[in-house]
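All remarks here apply to the structure that follows.
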Ligand SMILES: Cc1ncc(COP(=O)(O)O)c(C=O)c1O
């Protein structure tokens, strides 16, 4: 339960974009994660540039509007970022959902759309799943641990 | 006197509350039904004046607690018309009852032995058998589900073969609301000497029944779906069937004697009740079943059928809405699953929540059934006698809102 309305325009706009799959050429890593609570499934593809930063992200979401919106926000947030920065973005997103902190919005403006999910605990995982999938895709691409720089 | 849901509502304190400042339209009764004041009072009274461990003490409180616990067993026996109280085993819920049964019935089984179940089973009546297959190498055979959402019993002839040891099916689907006709099931089982286990989680709340007349060998249900507390459930078994079953969990209370060299087990039901049982919960379950049997619910079925049909008919008027389950009231209960084109069930449930309408969205612990219908999940409205026309109206106002919110999505 929570107070605010989740389905604000920002989220709905992102979700509309995320309702169609987007695939990328020659991904360096791909990961599919399930949310066992609801049976949702997210596939994230990623390609990295020469410096190891994320060059492009594809997504295929079989899930709710929040998950779809998050996949699109992820593509926007992660492009040009390193795995360490993406880890930081995931932490910021987790904090924002949990504590409704404003200051994270400045660092990650696209993620601000998800402030309305604060308080709806059963939905946090819907928002986080694409981020988690990207980290697994990165680690798959590296053949190792996602949290490693 | 005609059935009046208002008289039921006033007995359920939670229905008068306003979660998040909104009126409560509780349509998630298939997940957990609400609890009437009289059951809350019975639990409180027990904990206030009779709290002690059972069977193991001679002091007055221990005797009173034992009497209350065994009294609850007697009420359950009466509710399901058991021949003896000893046919009633207390468990922690349907899931633990079915795990007990799967373990005990599966103990002597091995490769080549077969268990028949259905694609419509709740994970509680599926995963324990998948686990048994992993342990013992038994073969599982699945009855298909018709487009209407019923277990296809015409497949029994092909599926139930000589080596079939157990047929285990839901009495009523927690997704489609369809009631299973156990007559052909029992006939097929008898022909090959297989046991019949019934998952009664969704059917037991409908009122007193006769498990042995149904032809069941074992019957499982949960307290929290029959207006009782959670943490308590029942595995009823025919006396000869229970007597032949080895124990599942070991511990205090279930033995006859123990030495370092050997152990002998007590008789049913104690053999299956290792450790301190959920005592106050059993007392609460007894109070809940007494409440169901007290006559308050006379006429409730007609009321619920009418509301169910209203929901089905209004869904049929919504373009893009898909009912998963029978469209008429023949052999079905008030559990209505539906999908709305382009809307994820979680988003539907979330938007309904902002209208105070509590439904469930997801796979309802029945993933194979979702796959059967080509869905990842449904939204599900499930009724209890205290639901009203206002609840149905609120449901559809909220569905309209969901459709508006997602129009053009
Ligand atoms: C048909 C069916 N079987 C089994 C269960 C499991 O019941 P419990 O979770 O109380 O063990 C449920 C409850 O969701 C159910 O609907």
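Miscellaneous remarks
- Taking the criterion of being within 15 Å of residue B:35 (Cα to Cα) and not in a loop (DSSP other than H, G, I, E, B), the residues of the stretch B:9-24 that qualify are B:9, B:13, B:14, B:15, B:16.
- The residue that is nearest to the ligand (Cβ to nearest atom), among those in the stretch B:45-74 that are more than 17 Å from residue B:277 (Cα to Cα) and in a helix (DSSP H, G or I), is B:45.
- Restricting attention to the stretch B:145-160, the residues being surrounded by 15 or more Cβ atoms within 10 Å (Cβ to Cβ) and more than 16 Å from the ligand (Cβ to nearest atom) number 8.
Yes/no per residue for (1) more than 14 Å from every other protein chain (Cβ to nearest Cβ); (2) touching a strand residue (DSSP E or B) at 6+ places or on another chain (Cβ under 8 Å); (3) under 30 Å from residue B:363 (Cα atoms):
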position: A:19; (1), (2), (3): no, yes, yes
position: A:35; (1), (2), (3): no, yes, yes
position: A:38; (1), (2), (3): no, yes, yes
position: A:47; (1), (2), (3): yes, yes, no
position: A:55; (1), (2), (3): yes, yes, no
position: A:62; (1), (2), (3): no, yes, yes
position: A:75; (1), (2), (3): yes, yes, yes
position: A:80; (1), (2), (3): yes, yes, no
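- Here residue B:284 fulfils each of the conditions (1) in the same structural domain as residue B:100 (by TED's automatic domain parsing); (2) in contact with a strand residue (DSSP E or B) (Cβ under 8 Å, 6 or more places away or on another chain) apart from (2).
- Single residue of B:83, B:49 found to be loosely packed, with under 15 Cβ neighbours inside 10 Å, within 20 Å of residue B:207 (Cβ to Cβ) and at pLDDT 95 or above: B:83
- Taking the stretch B:288-388 and the helices (runs of 4 or more DSSP H) fully enclosed by it, the elements with 3 or more residues that are within 13 Å of another protein chain (Cβ to nearest Cβ) are at B:345-353, B:367-372.
- One residue from B:36, B:19, B:23 being over 20 Å from residue B:197 (Cβ atoms) and either in the same structural domain as residue B:267 (by TED's automatic domain parsing) or within 25 Å of the chain's Cα centre (by Cα) (or both): B:36
- Every pair of residues 6+ apart whose Cβ atoms lie under 7 Å, when the first sits in the stretch B:46-71 and is assigned by TED's automatic domain parsing to the domain that holds residue B:89 while the second is surrounded by fewer than 13 Cβ atoms within 10 Å (Cβ to Cβ): B:62/B:56
- Failed criterion for residue A:5 (all others in (1) surrounded by fewer than 16 Cβ atoms within 10 Å (Cβ to Cβ); (2) within 7 Å of chain B (Cβ to nearest Cβ); (3) farther than 25 Å from residue B:356 by Cα hold): (3)
- Every pair of residues 6+ apart whose Cβ atoms lie under 7 Å, when the first sits in the stretch B:375-388 and is within 24 Å of residue B:13 (Cα to Cα) while the second is part of a strand (DSSP E or B): B:380/B:335; B:380/B:336; B:380/B:337; B:380/B:360; B:381/B:336; B:382/B:28; B:382/B:335
- Filter result for residue B:377 (buried (at least 21 other Cβ atoms within 10 Å of the Cβ) and either assigned by TED's automatic domain parsing to the domain that holds residue B:305 or at pLDDT below 95 (or both)): yes
- Considering residues of the stretch B:193-214 that are more than 16 Å from residue B:115 (Cα to Cα) and in contact with a strand residue (DSSP E or B) (Cβ under 6 Å, 6 or more places away or on another chain) only, the residue farthest from the ligand (Cβ to nearest atom): B:211
- Filtering the stretch B:247-266 for residues that are within 14 Å of the ligand (Cβ to nearest atom) and in the same structural domain as residue B:184 (by TED's automatic domain parsing) leaves an empty set.
- Any chance residue B:117 is assigned by TED's automatic domain parsing to the domain that holds residue B:198, more than 23 Å from residue B:186 (Cβ to Cβ) and within 16 Å of the ligand (Cβ to nearest atom): no
The values are calculated or read from the model by the stated rules, or taken from the named source; none is laboratory data. Note that this is a predicted model, so its numbers are computed, not measured. Every residue, glycine as well, gets a Cβ built from its backbone with ideal geometry; the counts of neighbours run over all protein chains shown.
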